[in-house]
Structure formats: C-alpha cells, structure tokens
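Report on one structure; see the data block that follows.
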Amino acid sequence: EVFSSYPVRSAEGSGPAGAAAQQRWASSLPMNTVVLFVPQQEAWVVERMGRFHRILEPGLNFLIPLLDRIRYVQSLKEIVINVPEQSAVSLDNVTLQIDGVLYLRILDPFKASYGVEDPEYAVTQLAQTTMRSELGKLTLDKVFRERECLNSNIVHSINQASDEWGIRCLRYEIKDIHVPPRVKESMQMQVEAERKKRATVLESEGTREAAINVAEGRKQAQILASEGQKSEQINMASGEAQAILAKAEAKAKAISMLSDALTEQNGDAAASLSVAEQYVSAFSNLAKKSNTILLPSDAGNISGMVTQAMTIYGALAKSSPKVVEKSDDFGSQSSQ
C-alpha cells in the first residue's frame with residue numbers, strides 16, 4: 001500500500017505533568033473510482049502510467065481506471081509545525097535550549113510532491129540548522145532584545161531554500177529560551193545591580209535638582225529683596241525731594257506773602273507783634289530741651305528785644321536799596 005505525503009497532523013494532549021505530545025500519522029491515498037470529489041484547499045497529484053499527469057482541482061473530477069492513479073495529496077492550508085527543542089551556542093559561548101513554532105504553506109503541489117521526499121522533515125531540519133546559525137551571530141543579551149529580528153532572519157533563510165520545494169514559510173516564532181542555572185543567576189544579579197544603579201542615579205539626580213531649586217529660590221529671593229530695597233530707596237529719595245521742594249515752595253510763598261504784608265499799612269506793627277510772639281514762645285521753651293541755658297541780661301524786657309529786632313530789620317531794609325544802586329552804577333560804568 002502506498003501512503004501519501006499528506007502534511008502531518010498533530011494531536012496535543014496533556015499528560016500527568018501537563019506536557020503536550022505530538023503524534024504523526026498519515027492516511028491512505030484515495031482510490032480511483034472514476035468519479036472523484038476533491039475537498040476544498042486540497043490538491044491531488046495524479047500520475048498516468050507512472051508519470052505525472054495533472055493536479056485535480058477542488059470539486060468534481062474524472063479519471064481513467066487502471067491508467068490514472070492518485071499519487072500524492074497535498075493540503076493548501078496553513079500548516080503549523082512544532083520545532084523540537086535544541087541546543088545552540090551564542091556568540092559569547094553560552095549554551096541555550098530553544099524551541100519554536102513554524103508556520104508554512106504549500107504554494108506549488110508539484111514541487112512539494114516531487115522536489116523533496118518529506119517536506120515537513122526537510123523544513124523542520126532547515127529551521128533547526130538556521131536557528132543555530134543565527135543564534136551563533138548574537139550575544140546572549142541581544143538574543144532577548146532582538147527576538148523579532150531573529151525570527152525574521154530565520155524565515156528569510158528558510159524561504160531561500162524552500163522555494164525549490166514549493167513551500168513558503170510565513171512565520172517563525174521562538175516559544176521558550178532556556179539558559180543554564182548559573183547564567184540565569186548571574187543575569188538576575190546583573191539585573192538587580194542595574195536596578196540599584198538606576199535607583200542611586202535617580203536619587204542623586206533628585207538631590208541635585210532639590211539643591212538647584214533651593215539655590216534658585218534663594219537667588220530669586222535675594223533679587224526680589226534687593227529690588228524691593230532699591231524701589232524703597234528710590235521712593236524715599238523721591239519723597240524727600242518732593243518734600244524739600246514743597247517746603248522750599250512754601251517758604252518762598254511765605255516770604256513773598258511776608259514781604260507783601262510789610263509793604264502794606266501798619267506792616268511794621270504786624271511784624272513787631274510777630275517778633276514778640278516768637279520771642280515769648282522761644283523763651284518759654286528754653287529749659288525744656290537742655291540743662292544749659294544762656295540768658296541775656298535783660299531777658300524780661302520784651303519791648304526792648306522787639307525794638308532791637310525791628311531796628312535790625314529797618315537797617316537791613318535801608319541797606320538793600322543802596323546795594324542795588326551801587327550795582328546799577330557799576331553796570332553803567334562798565335557799559336561806558
């Protein structure tokens with residue numbers, strides 16, 4: 001009895017330890033009953049008198065008895081193959097145990113039937129050798145980081161060889177990567193050290209940022225304080241200047257008003273009264289601010305003091321026009 005090269009089907013079951021077991025089996029070829037019905041997504045390879053004749057399409061087909069014979073049955077569905085666990089050595093001489101899953105599809109039933117004896121076995125062996133070759137190019141750390149790139153490289157390498165077999169590899173996925181216990185312990189220690197390093201770096205960066213923030217706060221506080229003192233001094237100087245100007249303007253107005261009042265009728269009497277009031281006020285405050293007091297011989301003679309003050313005022317009033325006249329004479333002589 002001739003068996004087909006029908007793709008392997010797998011039945012997975014869990015044992016006592018929960019491990020899945022894969023079972024291979026192959027069905028017998030259909031017999032030539034003249035009228036045949038080919039299922040969808042299957043290709044039946046027919047030989048006439050021992051030579052390839054044609055491939056039956058899904059649906060109704062007719063064959064000649066005795067002359068035509070169904071030699072191979074190929075499934076056109078996507079096939080999933082478990083790649084057995086194998087050992088591989090990385091670039092840094094670490095032995096790894098890796099298994100994977102291979103997804104493929106038959107594109108050309110003729111090449112899959114006559115191009116290779118066992119397509120499944122050929123692709124599985126090619127996947128294992130390609131995996132070992134690709135792992136030998138990477139270090140252990142890159143195997144974990146560049147897992148997707150590793151899968152794509154394996155698929156590309158398989159497709160380069162499987163094109164002659166009419167098979168297309170769609171995907172390859174690494175299921176598990178087992179490392180030796182000592183290497184695993186060292187990796188765990190390395191991870192812990194890296195985490196401690198990151199924690200220390202983050203803590204130091206936090207301390208530095210806090211110190212910078214405190215320094216910036218002090219700097220801003222000093223700048224604001226100096227700006228406040230500057231504004232305060234400017235305001236005080238401006239206020240003092242305005243006060244002095246106001247006092248000067250008030251004094252000028254008072255002098256102007258006083259001079260106008262003195263020119264009016266009875267101005268001398270008013271001036272005498274004002275001098276007498278100021279004298280009495282000053283005399284009453286002599287002993288309040290100091291223990292040392294200098295008194296004139298006739299301190300109680302108020303009329304005498306007022307008369308003396310008015311005499312001084314009169315003398316100054318009489319001398320002022322003379323100074324003006326002299327200045328005028330000097331100006332006339334200089335003009336001549």
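Phi-derived couplings, Karplus 6.51 cos²θ - 1.76 cosθ + 1.60 at θ = phi - 60°, listed residue by residue for the range 147-154: 5, 5, 5, 4, 4, 5, 5, 5 Hz, with x used for Gly and Pro. Cβ under 15 Å from Phe62's Cβ, Phe62 left aside: what net charge do those residues give with Lys, Arg +1 and Asp, Glu -1? With Lys, Arg at +1 and Asp, Glu at -1, the neighbours total +1.
Once you divide the Cα radius of gyration of the range 97-186 by 2.2 N^0.38 Å, the number left is 1.22.
Put a dot 7 Å past the Cα of Glu85, heading toward its Cβ, do the same for Lys142, and the two dots end up 2.6 nm apart. Remark on Leu76: its backbone amide H falls under 5 Å from those of Glu42, Ala43, a criterion applied only to residues 5 or more positions apart or on other chains, H modelled at 1.01 Å from N.
The calculated FRET efficiency for the pair Leu202 and Glu42, based on their C-beta separation and a Förster distance of 45 Å, comes to about 0.15. Loop-located trypsin sites (Lys or Arg not before Pro) in the range 47-108 (DSSP state other than H, G, I, E, B) with a sparse environment of at most 12 neighbouring Cβ atoms within 10 Å: Lys77. Label sites at Ala193 and Asn159, each approximated as a point 7 angstrom past Cα along Cα to Cβ, lie 4.1 nm apart. Can you give the FRET efficiency for Leu245 and Leu224, using 1/(1 + (r/R0)^6), R0 = 25 Å, r = Cβ-Cβ distance, to the nearest 0.05? Here the calculated transfer efficiency is 0.20. Per residue, the range 102-244 exposes 68 Å² of accessible surface when a 1.4 Å probe is rolled over the protein heavy atoms with every protein chain present.
Across the range 123-140, rounded Karplus estimates of 3J(HN,Hα) from the backbone phi angles (6.51 cos²θ - 1.76 cosθ + 1.60, θ = phi - 60°) give 5, 5, 5, 5, 5, 5, 5, 5, 4, 4, 5, 5, 5, x, 8, 10, 7, 4 Hz, Gly and Pro being marked x. Listed values for the range 91-97 are Karplus-derived 3J(HN,Hα) couplings in whole Hz (6.51 cos²θ - 1.76 cosθ + 1.60, θ = phi - 60°), namely 5, 9, 6, 10, 7, 10, 10, and x replaces Gly and Pro. Label point of Cys149 set 7 angstrom out along Cα-Cβ; within the range 87-119, amide nitrogens under 19 Å from it belong to 89-94. Checked against a 31 Å cut-off, the cross-linked pairs Lys196/Lys219; Lys219/Lys247; Lys77/Lys175; Lys77/Lys137; Lys142/Lys197 give Cα-Cα distances beyond that limit for Lys196/Lys219; Lys219/Lys247; Lys77/Lys137.
Rounded to the nearest 0.05, what FRET efficiency do Asp176 and Asp118 give with R0 = 25 Å and r taken as the Cβ-Cβ distance? Could you check? Efficiency at R0 = 25 Å is approximately 0.45.
The values are calculated or read from the model by the stated rules, or taken from the named source; none is laboratory data. Note that this is a predicted model, so its numbers are computed, not measured. Note: ideal-geometry Cβ built from the backbone for every residue, glycine included; neighbour counts use all protein chains shown. Quick note on the areas: whole protein, heavy atoms, side chains included, nothing else; ligands and nucleic acids left out. Shrake-Rupley method; radii C 1.70, N 1.55, O 1.52, S 1.80 Å.
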